[in-house]
Structure formats: structure tokens, C-alpha cells
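Report on the following structure.
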Amino acid sequence: MEKAKFIKNAAILTVTSLALRTVGMVFRIYLSNKIGAEGMGLYQLIFSVYMLVATFATSGICTAVTRMVADQLQCGTARSLKRTMRLALLGVTAVSAATVVLLLAFADTISLWWIGDIRAAASVRILSFSLPFMGISSCARGYYIACRNVTVPSAAQFTEQIVRIVVIMALIGCSAGRGLEYSCAAVLIGDTVAEAAGCMLVYIGYRRDRKHRLAAMPNGAAAPALGRTMLSIAVPITAGKYLTSLLRTFENLFVPDRLCRYGMARSDAVSCFGMLKGMALPILFFPASFLTALSTLLVPEVSSAAASGNKAAIRSSVKRSVEITLSTAAVIGGIFWVCSQQLGRVLYGSEEVGRYIRVLAPLTPLMYLESVVDGILKGLGQQNHSLGYNVVDSLVRITLITVIVPRFGMDGFLAVMVVSNLLTPLLCLYRLLKVSEVRLAVSDWLIRPTVCVALSALLAQYLAVVIVPDIVCICAVAVTVLGMYAALMWISGGLDAFRFGQPRPVTNKTVSDAE
């Protein structure tokens, strides 16, 4: 692993992700004030369908391109690289085009029978046109990740966000007073135009970069069965993502119906769903910028280590990644737990959003861990196991929603979220530890971060009671928890994993003997 380049790319992705999340969060607050909780709920339901069809059109191709290009840059030919990208682009364009046709033809049916609101039909038609752009962008981003060059994809993401905000703000004013149908359509138009702009930028950059890279590669024959290799990687991931997305989409569309069975009006049910999925969860995932970058960059690194049989590098990466993830996420969860009510009031003027944040805040480490572990498993070729765990999780969630939500309402759905965010990360972690031959380091990964953040949060809890206004309280609590947590972790040796200058030794205490 080229540590300097890895850290540079991680820094670029972190800064990009943090900036985009900040802008996105501010804009989401603006949007919620414009269209209200019910509008956010309807948008989340439409977005569930969006993610389902986007998964079908693009998922798997980015990982397949990343892994295949990484292998070819190491020991392949120019023809193999060129043919790989041509196959990926043609395949994703064909699938995306077919998906567009299906969405245009069945938009009314999807809106009426899946989403349960005919007002979503126009938005479903609009979102279909973003799929080809999304597919081409996925191929180009997979190429850039394999090349360890994240500058162009980061610039494309900035472009997308700027275009999205400008277009939505221009259109949302025109749709004011015309109902949620027009407001949601305005948001989806902004998303589609943004995807097109980002696609153009990343594809132009890809064509330029590929030209120079091909010139430096040997001119041998193309590797045999490239299409079969790509399908063997992309199809299981796509099938798995599609199945889990289908289950999650069904779940999201199912929740408002179950809340109505509890006795809530449809508008209230959609509003509560919007507050949880469209307001509380984005806040909880907002600080995950560094960990998202880590997960993205680990796929080619671990894949290369696995291809060369370097088990020591794999074990070192696994141990360090898990420890960094849990240590970082623990303090984030502590801050959210202490400041939950203040965050709900400041950001959305809602005590209910604050309650959702407080319930889910202790699960933040596991939420973040799932993303990082999933990236490592894909790099090790374990995507089928990840698929199985996600399918099990979705089936468990749907079953619990069916049984619990009609009896306990939103409290029941929160309980389902707790169970889900315990189940999947632990299953994925179990599989990762098994295939990497790393032992669970209970003290380093669990006990130390938990004790340190608990002591820090208890001290900061007193500040949350006495300090007003809310924004001052949030800042004071964040500084207190971060400062005390860092000091306690430093004293106990918990910051060693963050030292990237020297590789950490992998000792017999943390690594099991090979089976």
C-alpha cells in the first residue's frame, strides 16, 4: 500500500464528503421548511423507488470496474483495460435504457400501488431520465478508484451538488402553493439535471486520463473472458443489492401503512416517516465522511493484497480499519446522544426528531462499522455473504414491522431500527474476522471506546442541562466530549491506530493461527 497516496486520497474524499454533507444538510433543512414533514415523507417514499431502480441500473458495476481495472493496472495490458471499460459502459447504458422505458410505462401503477400516492407519478417519470447518467458515472468512478485518483470524482460530486441546489431553489419557488406533487417534481428535476452535469464532467476526465494511462501500458493481447469475469463480479453484487433494495423499498412503502393500522392518519404517518428517514438519519450519518472515504479506498487496496496473497497486509488493514471506525464513531454517538434534543430544535424545530436521534445515537458505531466492513468484504470477494446478511436483515425488519408497528406505532418502528442496526453489522464483522483470520480485540475495539465516551458524555450531560441557547450548548458539549474523549483515549493508548506513518505490527494477541 502506498501510504502517502492512500492518505492523500482519503483526505480528498473526507474533505469532499464533509463539504457535500454540510451543504446537503443545510439544503435539506431549507427543503423541509419549504415542503414540510409530509413533503419530506413523500419525497423519501419516491426516493425509495429511485434507489431501487438505480440499484438495478448501476449497482455492482462500480465494484466490478474497480477490481478489474486494479488488477489490469498491476499486470494487464492496454487492450484489456480498454475492453473492460467498453464492456462496462455498454452494459450499464443498455440496462439503464431498459429501466427508463419501464418506469415511463408504469409510473402511474408504481405511484398508486407501491407508493400509495398518485401525486408521485410525475416524479417517478422524471427520475427515470437520471439513470443513464448515473450508470456512466458509476463506471468512470470505479475506474478512478482503481487508479487511486479521486480528484475528478470529487470535483464531479461538487458540481452535482451545486447544480442540484441551484435548480431546485429556482423551481421550488415556482411550485409553491401548487401542492406536493409539483414540489417533489421540482426536487427530482434538480436531481436529474445534477446527475447529467456530474456525468459529463467525470466522463470527460476519464477519457483524458485513460488516454495517458493506455500509452504507458504494454500492448499485449486482451485477457480472455473479460465479460465473463465482469459478470461474475457485477451480477452477484447487483442481484444482492437489487434484492435488498427491493426489500428495503417494500419496507419503506410498508411503514406508513402499518402506522395507519396503529391509528394514525395517512398524512401523519408519512410525516413521522419523513422525520425519521428524511431528517434524523441524515443527521446521524452526517459526520461519517472519513469512514466513507476509508470504505471506498479499501476495496482496491484489500483486493490487491488478496490477489498477491499478502495475508499480513490484509490482517493489518482489517484490524486498523475496525479500530479506527469504532473509536471515531463512539465519540460521534456520544455527542449525538447528549445533544439530541438541541439538534432537533435547532435544525428542524422539532422535539420529535430529537427523540429519534437520541434513541439511535448509541448505535452509531455499528451503523458506521457496517459500511467499512462491507467495503473490505467486497475487496476480499465476499460479496455473496454480505448479500445474504442484508437479505436476512430485510426479512427480519419486514417481519417485525408487520407485527410490532401496528401495536406500538413509531416506538415499534424505532425498536425495529435498533434490532436491524445490531444484526447486520455484527454478522458482517463475524464474517470479516473469519476470512481475514483476525481475532476480536474486545478491549481495543469495544471496552476502551465505550468507557471513554461514557465518561465524557456523563460530564457533558450537565452542560446540556444548564447552557442556553441551544446552539451554544451544542458547541460546548461537542468540544467537551471531543476533548475529554481524546485525552482518555490517549492516556489509555487508544490513538495508536491513527498513526499512519508506521505500520502497526500484527501480534499473536490479535491474529489467530491460519485454519
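The values are calculated or read from the model by the stated rules, or taken from the named source; none is laboratory data. Small disclaimer: the values here were computed from a predicted structure and weren't measured. Methodologically, a virtual Cβ is constructed for each residue, glycine included, from the backbone with ideal geometry; neighbour enumeration extends over all protein chains shown. All accessible areas refer to the heavy atoms of the entire protein, side chains included, with ligands and DNA or RNA removed. Shrake-Rupley method; radii C 1.70, N 1.55, O 1.52, S 1.80 Å.
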Quiz item: Would it be correct to say that LEU395 is touching a His at 6+ places or on another chain (Cβ under 9 Å), of a type in the set (A, V, I, L, M) and in contact (Cβ under 8 Å) with a residue 24 or more places away in the chain?
Solution: no
Quiz prompt | Among (1) free of Cβ contacts under 8 Å to residues at least 40 places away in the same chain; (2) farther than 23 Å from VAL270 by Cβ; (3) within 24 Å of the chain's Cα centre (by Cα) - the single one LEU432 does not satisfy | solution = (1)
Quiz item: Just a yes or no: is a residue in the range 102-122 surrounded by 22 or more Cβ atoms within 10 Å (Cβ to Cβ), under 21 Å from ALA140 (Cβ atoms), hydroxyl-bearing (Ser, Thr, Tyr) and modelled with pLDDT of 80 or more?
Solution: no
Quiz prompt | Flag if LEU52 is open to solvent by less than 20 Å² (accessible area, probe 1.4 Å), within 28 Å of VAL150 (Cβ to Cβ) and in a helix (DSSP H, G or I) | solution = yes
Practice problem: Could you list, in sequence order, all residues of the range 73-94 that are surrounded by 16 or more Cβ atoms within 10 Å (Cβ to Cβ) and within 17 Å of ARG141 (Cβ to Cβ)? | Solution: LEU73, LEU81, THR84, MET85, LEU87, ALA88, LEU89, GLY91, VAL92, THR93
Quiz item: Would you call VAL322 in contact with a Phe, Trp or Tyr (Cβ under 7 Å, 6 or more places away or on another chain), surrounded by 24 or more Cβ atoms within 10 Å (Cβ to Cβ) and of a type outside the set (S, T, N, Q)?
Solution: yes
Quiz item: Which condition does ALA441 not pass, out of (1) closer than 30 Å to LYS311 by Cβ; (2) under 24 Å from the mean Cα position of the chain (by Cα), if it passes all the others?
Solution: (2)
Quiz item: Looking at the range 205-226, is at least one residue part of a helix (DSSP H, G or I), in contact (Cβ under 8 Å) with a residue 24 or more places away in the chain and under 26 Å from the mean Cα position of the chain (by Cα)?
Solution: yes
Quiz item: So which residues in the range 443-465 are free of Cβ contacts under 8 Å to residues at least 40 places away in the same chain and over 23 Å from SER350 (Cβ atoms)?
Solution: SER443, ILE447, VAL451, LEU455, LEU458, LEU459, TYR462
Quiz item: Right, LEU363: crowded, with 22+ Cβ neighbours inside 10 Å and not in a loop (DSSP other than H, G, I, E, B) or not?
Solution: no
Quiz prompt | Count - residues of the range 418-459 that are farther than 21 Å from LEU377 by Cα and surrounded by 19 or more Cβ atoms within 10 Å (Cβ to Cβ) | solution = 7
Quiz item: Looking only at the range 366-388, which residues are assigned to a helix (DSSP H, G or I), at pLDDT below 85 and aliphatic (A, V, I, L, M)?
Solution: VAL372, ILE376, LEU377, LEU387
Exercise. Could you check VAL187 against (1) crowded, with 23+ Cβ neighbours inside 10 Å; (2) over 24 Å from PHE273 (Cβ atoms) and say which number it fails?
Key: (2)
Self-check item: Yes/no for PHE47 being without any contact (Cβ under 8 Å) to a residue 12 or more places away in the chain and crowded, with 17+ Cβ neighbours inside 10 Å
Solution: yes
Exercise. Could you give me the residue pairs with C-beta distances under 7 Å whose first residue belongs to the range 184-200 and is closer than 16 Å to GLY36 by Cα, whose second residue is at pLDDT below 90 and of a type in the set (Phe, Trp, Tyr) wherever it lies, and which are 6+ apart or on separate chains?
Key: CYS184/TYR43; VAL187/TYR43
